[in-house]
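Colleague: Pasting in a structure now, in structure tokens, and then I'll have a few things to ask.
The values are calculated or read from the model by the stated rules, or taken from the named source; none is laboratory data. Since the model is a prediction, treat every value here as computed from it, not as a measurement. Glycine also receives a Cβ, built like all others from the backbone with ideal geometry; neighbour counts cover every protein chain displayed. SASA here: full protein model, heavy atoms, side chains in, ligands and nucleic acids out. Shrake-Rupley method; radii C 1.70, N 1.55, O 1.52, S 1.80 Å.
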Amino acid sequence: MTSLDPRALRHAFGSFMTGVTVVTSHDQSGQPIGFTANSFTSVSLDPPLVLVCLANQSRNYDALVNGDGFAVNVLAETQTEISNTFARPAEDRFAGVNWHKGPEGSPLIDGVSAWFDCSLHKTVEAGDHVILIGEVKVFDVSPHPGLGYARGAYVTAATTAEPAGTGPDLVVSALIERNGEVLLVDDGQGGATLPEALAGPDGAAATVRQLIAETGLTAEPGFVYSVFEDVARKRQHIAFLCQAGAGAPTRGTFVPLAQDGAAEAGLEDISDPAILTMLERFAREAALGDFGIYSGNQRSGEIRQIA
């Protein structure tokens, strides 16, 4: 083992946004097998090659390394539950999933963004993983937007960000985080809040990009972290979680979050109780690396775990 911190390295790897796939094949008895993977990439057009990485400790290792091929199912952004199903231990991951056998014999999941049915071209040992290189024999693509993944969470911009709406009643917030701290700005009333603005005519995603630009930081809009209705003010709120790069902000100040969810110096200045509650939840979830999306109103709602 090197001196590199494995947890920090994994977090750094996770900053690279990827798609989400389910790799499928069958065991020696012909039963379907599969697992969720984001380590998928194209390799070559001539011949047509793709690769995926498989952990050496995977229960599917022998079947895939000694098999004759596999399929890569690129999940659509509405298929987060399928991703979760194939990422968890289960006796039958295919139960309740609509699928059919592909031309080369591997299972193909219905409704995916694209699929590639491959013969096994080569395997390459690589540390604690093995690289499976497949030759694409048959493939298909659909108009369904693909499911994304970054920093331990799903990214579904096409269905949650852009259609979130435009208009004067939608307030967009940027939850900009860096190294356990969040950026707060003056709310104009003697308190603090997240960078926020009414959604412009180009939609919520464009508005949050503008908010980031106004801070002078380098960051990209991440996944939608919270959607709630402020009944008293007759406003809808949508907050995007954004990871900031290095550099000092030209607007606002980074304030630390306690890992137990308690308010640290600076958070007590937040004037909106709903924003404070959201940040306390974020502190708890960040400590565990297990995030959820909140939906409801400013007082109560539900949290759906996404990773």
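Colleague: Using a 1.4 Å probe over the heavy atoms of the protein chains, calculate the carbon and sulfur portion of the accessible area of the stretch 1-118 as a whole percent.
Modeller: Ligands and nucleic acids excluded, carbon and sulfur give 53 percent.
Colleague: Find how many whole Å separate the alpha carbon centroid of the stretch 104-138 from the alpha carbon centroid of the stretch 202-239.
Modeller: Taking the Cα centre of each part, the stretch 202-239 and the stretch 104-138 sit 38 Å apart.
Colleague: Accessible area per residue for the stretch 72-119 in Å², computed with a 1.4 Å probe and the full protein assembly in place, what is it?
Modeller: Per residue, the stretch 72-119 has 46 Å² of solvent-accessible surface.
Colleague: What FRET efficiency, computed as 1/(1 + (r/R0)^6) with R0 = 25 Å and r the Cβ-Cβ distance, is obtained for residue 137 and residue 10, rounded to the nearest 0.05?
Modeller: The pair residue 137/residue 10 has a calculated efficiency of 0.15.
Colleague: Please compute, over every Cα-Cα pair in the stretch 41-92, the percentage with a separation greater than 13 angstrom.
Modeller: Looking at the stretch 41-92, the distances longer than 13 Å represent 71 percent of pairs.
Colleague: Please give me the summed charge of the neighbours of residue 147: other residues whose Cβ is under 13 Å from its Cβ, Lys and Arg +1, Asp and Glu -1.
Modeller: Result for the local shell: -2.
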